[in-house]
Amino acid sequence: MIPDAEDLPEVLLDLGVAHEDINELVALRPRVADDPGVRDLLERAVGAVTRDMGTVGGSPHFPSPPDGGDLLERCFSVYVYVAALPATRAYHRGLGVPDDVSRRTLADLGRHMAVHRRRYGSCGIHAVAWLGLHFHGELYQLGRLQYQRALLGGRSGDGVAAAGLPLTTGDPCVSLHIPDFRGPLSPRACDRSLALAGEFFARHYPEERYEIAVCHSWLLDPQLKEHLPKDSNLVRFQERFRTAWDTEPDDGVPVGFVFGDPALPVEDLPRRTSVERAVGDHLRRGGHWYGGHGWFLLPWSGTAAQGRLVEGA
């Protein structure tokens with residue numbers, strides 16, 4: 001189910017895992033492969049990830065070893081996804097997904113290990129279930145952005161319907177995600193990504209009609225416009241969206257994404273970049289940050305939807 005010690009490093013490198021984590025993961029292999037209890041958990045977890053491959057349903061939940069804070073507890077999910085990899089790649093090949101798209105999508109595992117190391121200084125993954133979307137065939141990295149095959153949720157569906165579109169809760173949508181360590185979120189990069197996505201879904205999921213994109217991110221908090229230049233990448237990204245609904249304050253999210261650790265004391269936050277200054281200074285003045293929930297019509301959406309939007313504008 002899992003590669004042997006000689007082949008495992010190559011597999012991990014293909015998944016974007018940093019060289020500094022390879023030896024620890026290889027050394028962990030006997031605990032995973034030889035312990036009957038852990039092996040049973042692994043088989044059940046892989047089954048949860050690969051069952052109904054490609055079906056839209058959100059991150060699959062799978063069992064994990066007892067919390068202990070050691071390497072096995074922190075890295076068990078790495079072995080789950082390594083063991084699920086052949087099934088995921090077979091699903092991609094069956095759809096004709098290009099090898100480079102498959103590789104870059106699944107290399108998000110290594111990116112999440114980099115996020116974990118930046119935050120905790122150790123080898124591991126803390127966004128365990130999130131990666132299930134990638135390995136279950138629900139999410140793809142296409143240029144700068146990630147695209148999750150999804151369905152409109154209740155509040156987003158209500159917001160879209162209120163704008164006059166013939167769409168509502170439960171209709172297909174793509175949920176956009178903005179990974180870090182991927183360069184600037186420039187308009188050009190986003191436009192290119194959207195063009196790639198239009199071609200990708202038309203070719204590989206022709207039976208699924210996507211007309212709308214949604215995004216749930218603190219990057220859509222309109223307060224950013226008060227702190228950043230109007231031609232900044234983040235402000236221009238925001239301007240693509242209409243607001244679907246508002247949410248409660250959650251200061252830890254932007255602190256975690258911008259500075260690497262949501263628990264950092266506000267008074268100690270650095271001011272090295274315009275975004276760091278915007279996030280930290282706003283909090284130091286007693287303000288709060290809110291998660292944004294927005295949507296926009298995809299460039300390849302039907303003319304009927306576009307017409308409804310113009311009429312309701």
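The values are calculated or read from the model by the stated rules, or taken from the named source; none is laboratory data. This is a predicted model, so every value here is computed, not measured. Cβ placement follows ideal geometry from the backbone for every residue including glycine, while neighbour counts extend to all protein chains displayed.
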Next on the checklist: Scan the range 237-253 and tell me whether some residue there is out of contact with any helix residue (DSSP H, G or I) (no Cβ under 7 Å at 6 or more places or on another chain), closer than 30 Å to R117 by Cα and in a helix (DSSP H, G or I).
Outcome noted: yes
Item to check | Test result for L283, crowded, with 19+ Cβ neighbours inside 10 Å, part of a helix (DSSP H, G or I) and at pLDDT below 95 | outcome: no
Item to check | Considering residues of the range 190-236 that are of a type in the set (D, E, K, R) and assigned to a helix (DSSP H, G or I) only, the residue farthest from D171 (Cα to Cα) | outcome: E226
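So that you can scan it fast, the table gives a plain yes or no per residue for (1) of a type in the set (A, V, I, L, M, F, W, C); (2) within 19 Å of C123 (Cα to Cα); (3) not assigned by TED's automatic domain parsing to the domain that holds L133:
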residue	(1), (2), (3)
E6	no, no, no
L13	yes, yes, no
E20	no, yes, no
V26	yes, yes, no
P36	no, no, no
Checklist entry - Of E24, E20, which residue is within 25 Å of the chain's Cα centre (by Cα), closer than 20 Å to R117 by Cα and not aromatic (F, W, Y)? => result E20
Checklist outcome for this item: Checking F62, F76 in turn, the sole residue that is touching a Lys or Arg at 6+ places or on another chain (Cβ under 8 Å) and over 18 Å from Q146 (Cα atoms) turns out to be F62
Next on the checklist: Being over 29 Å from V258 (Cα atoms) and either touching a residue at least 40 places away in the same chain (Cβ under 8 Å) or surrounded by fewer than 21 Cβ atoms within 10 Å (Cβ to Cβ) (or both) is true for just one of G96, G121, G110. Which residue is that?
Outcome noted: G96
Checklist entry - Failed condition for S156, given (1) buried (at least 21 other Cβ atoms within 10 Å of the Cβ); (2) closer than 30 Å to D231 by Cβ; (3) modelled with pLDDT of 95 or more, with all others met? => result (3)
Checklist entry - For V115, are the conditions met, namely being touching a His at 6+ places or on another chain (Cβ under 9 Å), modelled with pLDDT under 95 and closer than 28 Å to L196 by Cβ? => result yes
